[in-house]
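Structure, as structure tokens:
Throughout, read-outs are computed from the coordinates displayed, never taken from laboratory work. Values in this document were obtained by computation on a predicted structure and should not be read as measured data. Neighbour counts run over all protein chains shown; Cβ positions are idealised from the backbone, glycine included.
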Amino acid sequence: MICSRCGMEHSNIGFKRCSACREYMRKYKAPYRARRVLDRQPGSCTRADCGRPVEDPSFKLCTRCRQSERDRIEKDPTHNLKTRTNNLRLKRIVVEHYGGSCACCAVEFVEFLTVDHILGDGQHHLLPCGSRYVGTALYRWLIRNNFPPGFRVLCISCNMALGHHGYCPHSNLKQEVHLGRPRVCTPHPNQEGRARKRRSYWIDNYKLPAMLAYGGVVCNCCGENHLECLNIDHIKGGGRAHRRKTGTVLYIWLKQNNYPPGFRVLCTNCNFARGRYGYCPHERRNGTLNRKPGGIRSGAET
């Protein structure tokens with residue numbers, strides 16, 4: 001790779017500058033950052049020319065600065081494309097280091113892949129602001145820390161099945177269902193048995209009837225037939241707005257409304273890729289690519 005500052009070649013994966021230039025810029029900016037920290041009051045906006053109080057502690061910027069940043073992004077038509085391209089580049093670097101394919105089902109489409117905490121302790125892997133390390137933030141952390149052990153590559157379907165059910169139907173991969181998730185009360189002596197009964201009731205009364213109403217227990221795109229990896233997709237998009245409008249779980253709403261048209265069965269992988277990138281890589285491979293309409297983040301793949 002070529003350093004963006006000095007033009008020399010370097011081997012620092014995931015960085016635009018070489019080690020010497022990054023060290024120089026770190027020392028150059030250190031006194032400015034130290035002065036900003038001393039001058040900034042606790043709970044104030046971190047932007048250098050602001051200093052207003054932050055209304056929401058989960059953000060570093062105040063409401064006015066966040067709106068100013070949104071306006072700046074809207075005026076730059078290439079911002080989102082450049083950001084998504086760089087995020088996908090970081091994802092490829094991390095995925096290739098940890099094996100390049102799902103450790104459970106061996107799928108290799110990068111659009112389907114994600115990084116999983118092997119011990120299931122992702123809930124406790126937190127940013128300084130208290131949020132979880134997910135997505136690009138996790139990829140950057142892994143690169144900065146030289147790809148530490150304790151992580152593996154899983155596809156979205158296997159990762160979700162493992163987290164929600166404690167096992168993946170594709171292999172003998174297992175994990176305690178509530179590992180790493182804080183409990184709000186003292187566990188019942190028969191907590192696992194009660195959880196199995198609740199899952200069985202939910203599947204028999206809501207999820208399975210919905211699958212059968214929309215074509216059966218099989219993904220309309222790739223043919224996945226494990227119920228643990230399937231869900232219902234809004235064909236025309238807008239799932240988030242629909243859930244916000246109805247205020248209830250989709251499966252319950254479908255049953256109450258006698259399973260109206262406009263929905264289909266997709267596996268978690270195909271559903272995620274369509275929502276994230278606007279297409280499914282199965283369609284790209286088969287030459288039937290048809291981007292999903294409705295504000296989808298297209299252009300992520302380059």
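Its alpha carbons give the stretch 192-286 an Rg and a Dmax of 13.9, 44 Å. I need the fraction of alpha carbon pairs in the stretch 33-118 separated by more than 19 Å, rounded to a whole percent. The share of Cα pairs beyond 19 Å in the stretch 33-118 comes to 61 percent.
Using 0.36 nm per residue and subtracting the Cα-Cα separation, the extra length available between ASN258 and LEU227 on full extension is 9.1 nm. The slack between HIS97 and LYS60, meaning 0.36 nm per residue of separation minus the straight C-alpha distance, is 10.2 nm.
Treating r as the C-beta distance of ILE203 and MET1 and R0 as 51 Å, the FRET efficiency rounds to 0.55.
Measuring r between the beta carbons of THR248 and MET8 and using R0 = 51 Å, the FRET efficiency lands at 0.30.
Test of understanding: what is the full-extension gain from ARG196 to ARG140, defined as 0.36 nm times their sequence separation minus their Cα-Cα distance?
Working: separation 56, 0.36 × 56 = 20.16 nm, distance 3.69 nm.
Answer, rounded to one decimal: 16.5 nm.
In the structure shown, the pairs LYS60/LYS82; LYS60/LYS236; LYS207/LYS245; LYS27/LYS75; LYS174/LYS245; LYS174/LYS197 are assessed against 28 Å; a Cα-Cα span above that value is assigned to LYS60/LYS236; LYS27/LYS75; LYS174/LYS245.
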